[in-house]
Each structure stands twice: as C-alpha cells, then as structure tokens.
RNA sequence: GCCGGCGUAGCUCAGUGGUAGAGCAGCUGAUUCGUAAUCAGCAGGUCGUCGGUUCAAUCCCGACCGCCGGCUCCA
C-alpha cells in the first residue's frame, strides 16, 4: 500500500502546513491551532464546505496549496450545517422514543430547522417536551457524526430493511450512479448529504417550537406527516436572544395591535376574511387613500369607479370564468340574469376604454380605481389583514402603444418607489417573471414586453431576479415584495403586461396610418391591497404610526381641572391649525393620562399645569419618552406641521 | 380544504360532573394630583353553536362554526 500523499495547506492568515491527505480536519485544527475567536462549524477546503469530521481528500478539487477558510456559525452555510445537525439529533430522539416512527425529511430553514415524521398520530405537547429532554441527553452523549458512502443499491437495501419507506423513495429519485452518503451518530443512521458538525455535543442550545401537520413533499394528495419545528444556536445567550425576538414579533403582530389600537376587526358574525374598519383604522386608511389619489393625479392618471357585481357574461368574455373560477364566488341571479361578484377590476376599466373610439394620440390612458374585489380563499389560509376574502386594490390599468411600454413602466416604478419610501419601505425584493409553458400572445410580444420590463428596471438601477416561467399566462410581470418583521415576504406591488384581455375584448386604437391597432394593456397595483398594506404597515411601525398618519396626533392633558379652560383654548388652536387633537379632561393623575396616551401610541402629549397656564406655554412630551420641553403654541404648531408635511417616518 | 391546538365578562386569562372567578376596561363616589397605573363600591357571562351521555354538562362524547400554528396558493 502506498502511503497517502501529503499536501500543503494554507490558512487565511497565510501560514502553511503539510498534512497527509487523509488527515481529518478536526485533527488538523488541533495540531495547527488557528487564531480564531470561535471554533468554526466547518471548513471550506478549496471552496468545498467539509465537515470537521471529513478528511482533506474529500475536497472536490485539488489546488496547490490547499486553501482553507473557516465556516463560522455567523455565515449562512455555518447555520445550515449547525441546524441540519440539530435536526438529526431531533430525529434520533424521536426514533428512540417512538421506534415505529418513519423519517421523512429534516432540513435547516431560516432561523431553525424542522423534521417531518410519520407517526400515525400527532405529537402532543408532552411528546415535544420528552423529545427535547432526550435531545439534551443525545447532545451530552457526544456522538460523533460519521460519514459513510454507499452505492444506491446498498442504500436502498439499508433503508428498506429499516422500513424507512420515505428515505427509500428519496434515494430512488437520485441519479443511478450517485454515491449516497449516510451519517451515523451513535446508534442512529440517517440519509444525508451532509456536512455536519463534529459531534452531537457541538449543538449547544436548542429549543423545539411547534408541531404542525405537513404533507409529504408538500402535496396534499400525499400523506400528512407530523412536522416539528425547532431552532438552535451555539450559545444559550444567542438562543435566548432569538426567543426574545420571537416575543417581539408577537408584540408587533398586526392582529394584536389592531385590537389594542382599535383599528379594525374581523368578526365571526360578519364572516371570515371580511374586514370592518373601526374609526382609527378608517382614518389612517383615508389618509393613505388621500395620499394615493394626490399622487395619481400628479402622475397623469384618471380616476374611474366601477360596480361590485357584473353580468356573468362579462366574466366569460374576460376569461376569468375559465381561468379564475376557483377564486370566484357563486353567481347570483337577478331578473333571470346571472351576476357575479367581481374578483378583479380590469373588465370594467376595459369597458371605459371601449366607450369611445381611441386614437393613438389618446394613448397612454391610465385608469385608476381603489376597487374592492372579492376572492374565495381557502379557510386555512386566511390571516388577519394579510390574507382576506374582500379587499381593495389600488388598481390601475394602462393602455398604451407597444413603443410606450418601457416609458410607462418607468413611470410606474417611479411612483412605486416614491410611494413605498413615503411609508418607510426601502427594502424589498424585485422579481421579473417570464413566459410560462402555457401562455397566450406571440413570442415576439413576450420578448418585447419582457425586455421592456427589464430595461426599465435597469434604467432605474433596481436590482431584480428572474423568476423563469413564473409569469401569468397572459404576460410577463414585475413583482415587488416587502418583508414584514416576521421575515415573511408579502407581495404588494405588481406590474403585469396583458396580451390576453385586449384580444378578448377586441381593443383597438386608430394609428397614425389610419388603421386599427391593438393597444398594450398593463395592470398595476402599488400597495397591492389596502388591507394587506395596512397590515404590513402596522407591524412595520409596531403600531406607532408617524405623525401624518396617527389617528390622534396630540393629546392635551391638563393636570387638574384648574387648567381645563387653558387646555380647551390650546386644543382649539391646534385643531384650527389642522391637527387631530384630543383633550383628556378626566379627573385622573397625569401619570395615568400619560400611560394611556403611550399605550395608544399618540405621537405628542401636551401637559398643562399651573406653570404652563401662567407662562402661556406648553410642556411637550413625545411618545418615545423624550421630553421636548416648553414651547409656545405657534412654535409647537409649526414644528408639527413641518413633520406632517414631510411625512417623516 | 387538510393536520394539530384553542374558543369562559369588552380585553387578557384562571377554573370545576352539582348551572363560574381574577386583573384591566365600564359605571358610581371620594381624591385636584407634574411625565407609564390614586382609592373604594357596583355592575357585567344562555362558559362558540347544535346534538348526545348523565339525576345533573361550561367540564365527558359527536357534529358544525370560528380563531391560532403549519401544508398549498395569492393582492
């Protein structure tokens, strides 16, 4: 046997060492002691991420010297490995406690991991506790994650013998010549590509969070498995910080804040997914809508209004009945004719277009409407304001000539960025969805329109990702997603080119050449749905709406009833200057009044005692707790009006 | 829609096979007070709905409705 070749290894600090190629990475680290503040989760060897239990020779490529980079927990790769190992520990615990369980998959996810099990019954909260306790024992047992390679045949046989039918199904889907790897940790073996941490003891702090049903491979025709979610961190402190963040997320939940701040309600008596806006929420909505209208007038839109129902024939012609049926409600019969609740506004806007003969000189036409639509959503997906059955789109339809597409998209992007920025959203993801398999419209049209979308984004310097084949059947689109505090992405803005409706409704304009041409139609919504946008806004601001949106902007608080006359005078002046003011005339201590104004997240509190009356001043306190100090009435009004005009976030 | 958990006063929640409690909010009274809770009293509930078991159900069982966490889909 020839002795294993040795290689030169270079660390990030430039130091080089020689090692036999079969040296295991952990041993290499013990011998070289690199000056890292924390131990790495894994190492990158010539760019390949390897577990510390693997030898240098597992690197996918060889360079001279071998280049080593540490993979720390802080990196996405490090977290993936760490959480993946955590999932394996959970699987071992479950397998030991419930030997009949079948294992499905257990990947790391953002902020944690899960594992799907087929147990034949759900896990109870007590089960979860037991599993977590067992996991602690497994971690303490210091089982080493050992990597083994098997041929596909052997791997199938191995898991068949164990009765792990899901694993067998997974392996069968792998390519024929693929080398299958499994990881052994003590008595437990799992199919896994790896890599893993060195041993179970390296997973220091973890917590199981929830159990939920999940279909095998996410397909509802498949069996329902039991999923357990958990998370893990290298230290207890980091785990605690994460759990604290989860609490914070709960605190910002728009459903809780919606109730606390009396913004809106969804009531059993009215129906699921149907929102009533209470005065506070309605006022904020009105302000948002005012802003929207003002901006649309400035940007060359025309406003239109349309009814909530229309003849079924209209929806047949638009194609919604064919392509959108599962989201539409049952038609109602009126005087023997079927009518349908609208799931979209577009057919109405098209009818406005069709009400006249159009010249190329008329284009582009931009019809905008805050149009309320109704869509059937399965009961399980309804979620506060973020997913409802009746909602108002800030909808608009642009009709333009093919050569105007790009210019129109540019204008839409400008308005979008301005709108989102006004509400403090600077962070979003942009997707361009291209032609799906099943589509209408010529290839040429698709290419032209897709190029126009991309070119507009490039002109604006907006980074985007391509979602290949994810376009709607009728045209390419740009979607813009904002992230809420939970890290969930919500699609708000959407800009969609439509080759279908102009065709179905036989839209035309008379061109320069005196002949009929078909206009391009673009659907667009900036906030998407007012309900959803409002929900995201509540969480985004944690209920503390900026001054221009706050339902009550100033709370005037006399300390005793000796100051009531002055308080009324102050409140009157503020109100006349256009501010939304309330006076707390209750016979309560100032501490309580402040506490309640804080809870209501009122931006400014004006405190009036004998001192202020005497000096004709205001003591101003912000909801942040900042004491602004004494101001006279005109300078306070000026200060607030400035803030309102600027729409400061 | 599917899997699981939950549904008790306006809100947050406790509780029991013998028809229910707390805190906050509300009402009444006292207190006139300086930057996140003054004190006392009163009132408030067909225990989600319907059915079953039982001498007796808010509690046990079933169905339905809704909410919450997921699966899938979208604004």
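The numbers here are math on the coordinates, done by the rules we state, and not lab data. All values reported here derive from a predicted model rather than from experimental measurement. We place every Cβ from the backbone using ideal geometry, glycine too, and count neighbours over all the protein chains shown.
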Quick note, chain A: a/c under 1.5 would make it rounded; otherwise a/b > b/c is prolate and the rest oblate (a ≥ b ≥ c, C-alpha gyration tensor); here it is oblate
Angle between chain A longest axis and helix A:530-540 axis [Cα atoms, degrees, rounded to 10]: 60 degrees
So for chain A, averaging the separation of alpha carbon pairs under 8 Å that are six or more residues apart and normalising by length, what relative contact order in percent results? 8 percent
Ordering A:222-230, A:42-50, A:491-499, A:510-518 by per-residue average of other C-beta atoms within 10 angstrom, highest first, gives A:491-499, A:42-50, A:222-230, A:510-518
Below 8 Å, C-alpha to C-alpha, sequence gap of six or more: please give me the relative contact order for region A:540-614 in percent. 46 percent
Please compute P(r) over all alpha-carbon pairs of region A:171-253, binned at 10 Å starting from zero, and give each bin as a whole-number percent. 13, 26, 37, 19, 4, 0
With all distinct Cα pairs included, what does the Kirkwood hydrodynamic radius of region A:341-471 come out to in Å, to one decimal, could you say? 17.3 Å
Rg/Rh of region A:554-646 (Cα atoms, Kirkwood Rh), to two decimals, equals 0.92
Tell me the relative contact order for region A:6-72 as a rounded percent, counting alpha carbon contacts under 8 Å between residues six or more apart. 40 percent
Percentage, to the nearest whole number, of Cα pairs in region A:145-304 over 27 Å apart: 59 percent
How far is helix A:125-140 tilted, in degrees, relative to the longest principal axis of the Cα atoms in chain A, given as a value from 0 to 90 rounded to the nearest 10? 50 degrees
In a solvent-free Debye calculation with one equal scatterer on each Cα, what is log10 I(q)/I(0) for region A:6-72 at q = 0.22 Å⁻¹, listed in the order of the q values? -0.86
What order, most packed first, do the peptides A:327-333, A:619-625 have when packing is the mean number of other Cβ atoms within 10 Å of each residue? A:619-625, A:327-333
Taking the beta-carbon count within 10 Å as an exposure proxy, list A:88, A:356 from fewest neighbours to most. A:356, A:88
Once the Cα atoms of helix A:443-459 and of chain A are each reduced to a long axis, what angle between those two axes, in degrees from 0 to 90 to the nearest 10, is obtained? 80 degrees
Estimated [θ] at 222 nm from DSSP helical runs (n ≥ 4, -39500 (n - 2.57)) normalised by residues in chain A, nearest 500: -10500 deg cm²/dmol
Rg (Å, one decimal) plus Dmax (Å, integer) for the alpha carbons of region A:253-342? 17.9, 47
Any idea how far the Cα center of region A:319-382 sits from the one of region A:631-649, in Å? 43 Å
